[in-house]
Amino acid sequence: MRQTLPGPMVSPAAALTGGIAAAMSAAPPAFAPATPLAQVLAGMAAARASAALAIDDAGRPVGILTEQDVARRIAFRLPPEAPLCAAMTAPVTTCAEDAGLWRAVALLRAGRLRHLPVVGPDGRCIGLLHRAETLAAVSGRLLLHLDALGGDDAAVKRAQAGMATALLDEGVPARDLVGLVSGINLDLHRRVLDRVLAAHGTPPVPFTLLVMGSAGRGESLLRPDQDNGLILADYPDAEHARIDAWFRSFAMQFNAALAEAGFPLCPGGIMAMNPLWRKTLPQWRHQFVYWAQRRSGAALLFSDIAFDFRPAAGDPAPAAALRAHLGRVLAASPALLAAMAAQNQGLTVGLTLWGGFTDDEPGPGTRTDFKLHGLMPLVAAARLMALRAGIAATGTLDRLAGLAQQGALAAREAAALTDAFDLLLDIVLRQQLADHAAGGQPGNLVDTAALPKADRAALRDALKAVRSFSRASFGSFTGQIW
């Protein structure tokens, strides 16, 4: 029996960002390409399946036979003893198990497919998506934007703004939209990675792709730059020249391809093409220890970005091991968190002494940067508190929830900060979409004078909550009283 998609109470963005398991039915019958059609059709009838797969010796799909193929190619045309390969459609379009539902919808629409096999990491089919049930999760207005997500990487990146605007108009919360944008960005990273790997061949050692910064937190807005690195499997020192040469070339092409897809190169060089961000697990461990000992300059800047890391592709085990090691380093060297807090004390909220909004705009304008002077102090304070508490989550809201669960943050304050995060995210996202619609680069400067009076009051309350939390958090590390 087919499974159904999430009910109508589920946010459209949440459904699209989430996995495809809820929309997936059981894997269809599978046969070798040489199997007689009579046997294949009997198998489809026994399983009450609308499709069957042709698989290779490793169990990976190489073709698909649907009811439409039966009517068009078999009925009154092919004898029962004809092989499956004579009637199947090949090659077969598939969707990865870990892809978001948005990707499946885009593939179904772009290829005008009725069935989409879902494959696991080994390439074997683990389930089947049916067009009608899958598209039922998506509104008609949104489908027009999702169609663009079936294009090349740059087209997918460009389509994000239109899709976010459509969802925002439907009342979808900004946090869900940002989660969707972040999910699409991760999928783009994996698509680029697979393409570059195909060009370079098998890597000399396995590796894990890390994303950091806003990508690591799952909080990417419309134009994030690159923050990525690689954990390489360990190898003998004597092999370094050969192995590093391969990964140097690979990483340079990977970062360049991401830039072409719409992810600007990181101005600070926090990318896999930089050897500082391309290491074996023992080297990464040593790097974290060095930063804990150094506690100044670039070490603090890098720690702020790198400690939000999470795996994006490859074996996640090395990333989990590195996260556990980071916990041990911070427990043994609490001075690193204190130094990070001292540096983060320069992050202020966008309120003047008299309760007005700060002027962050160069020139005659008076707009306020609510990413720099709203979201960033909250993100930084939540990061420090979560790292001290040993919370592995990297998302800001997950960190606040974890702190409240541990009792390190009062439930009432956690709720107020969650509301503040949501409001600030909504304001910044709407500004970026407005900038994009006007033909400019998405920015963070908001004209507060144009906001309704009630919204300005809510924004003041949100900034006051962030200011209180960030000052108390930073002060708990540095001992400074505000």
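At a temperature of 37 °C and a viscosity of 0.692 mPa s, determine how fast segment 343-478 diffuses translationally according to Stokes-Einstein, using the Kirkwood radius over alpha-carbon pairs as Rh; express D in µm²/s, rounded to the nearest whole number. Let's see the in-between values first.
Details: Rh = 15.4 Å.
For these conditions, the coefficient is 212 µm²/s.
Rounded to the nearest 20 debye, the dipole magnitude of the chain is 360 debye, with +1 charges on Lys and Arg beta carbons, -1 on Asp and Glu beta carbons, and the Cα centre as origin. Of the residues I305, T208, L232, the one whose Cα sits farthest toward the positive end of the charge dipole of segment 174-332, with +1 on the Cβ of Lys and Arg and -1 on the Cβ of Asp and Glu, is I305. Here's the list of lysines a cross-link from K453 could span, going by alpha-carbon distance under 23 Å and ignoring same-chain residues fewer than 8 apart: K371, K464.
For the peptides 32-45, 233-246, 206-219, 104-117, the ranking by packing is 206-219, 104-117, 32-45, 233-246, with the highest mean count of neighbouring Cβ atoms within 10 Å listed first.
Under 14 Å from a label point set 7 Å out along the Cα-to-Cβ vector of D237, the amide N atoms of segment 274-313 belong to 283. For the peptides 305-318, 255-268, residues were scored by their other Cβ atoms within 10 Å and the scores averaged per peptide; the highest-first order is 305-318, 255-268. For segment 273-313, the convex hull spanned by the alpha carbon atoms encloses 81 Å³ per residue.
Note on segment 16-61 and segment 243-291: Cα centroid distance 40 Å, given to the nearest whole angstrom. Using just its DSSP H runs of length 4 or more, each adding -39500 (n - 2.57), the chain gives a mean residue ellipticity at 222 nm of -16000 deg cm²/dmol after division by all residues.
Percentage of Cα-Cα pair distances in segment 174-332 greater than 19 Å, rounded to whole percent? Roughly 53 percent, rounded to a whole number. Among residues other than A386 with Cβ under 9 Å from its Cβ, the summed charge is +2 (Lys and Arg +1, Asp and Glu -1). In a simple Cβ point-charge model (Lys, Arg +1; Asp, Glu -1; nothing else charged), segment 307-420 has a dipole of about 440 debye relative to its Cα centre. Does segment 432-482 come out rounded, prolate or oblate, given a ≥ b ≥ c as the square roots of the eigenvalues of its C-alpha gyration tensor, rounded meaning a/c under 1.5 and, failing that, prolate meaning a/b above b/c? In terms of gyration-tensor shape, oblate. Average 1/r across all pairs of distinct alpha carbons in segment 261-408, invert it, and you get the Kirkwood radius: 17.2 Å.
Counting charges near F474 (Lys, Arg +1; Asp, Glu -1) among other residues having Cβ under 14 Å from its Cβ returns a value of +3. For the charge dipole of the chain, defined by +1 on Lys and Arg C-beta atoms and -1 on Asp and Glu C-beta atoms about the Cα centroid, which residue among G350, S476, V172 has the Cα displaced farthest towards the positive pole? Value: S476.
For the chain, the equivalent ellipsoid derived from the alpha-carbon gyration tensor has semi-axes of 45, 28, 19 Å in decreasing order. Each Lys or Arg adds one and each Asp or Glu subtracts one; over the other residues with Cβ under 15 Å from the Cβ of A438, this totals +1.
No lab work stands behind these numbers, since they all come straight from the coordinates. Note that the coordinates shown come from a computational prediction; the quantities given were computed from them, not determined experimentally. Cβ sites come from the backbone with ideal geometry, for glycine too, and all protein chains shown count toward neighbours.
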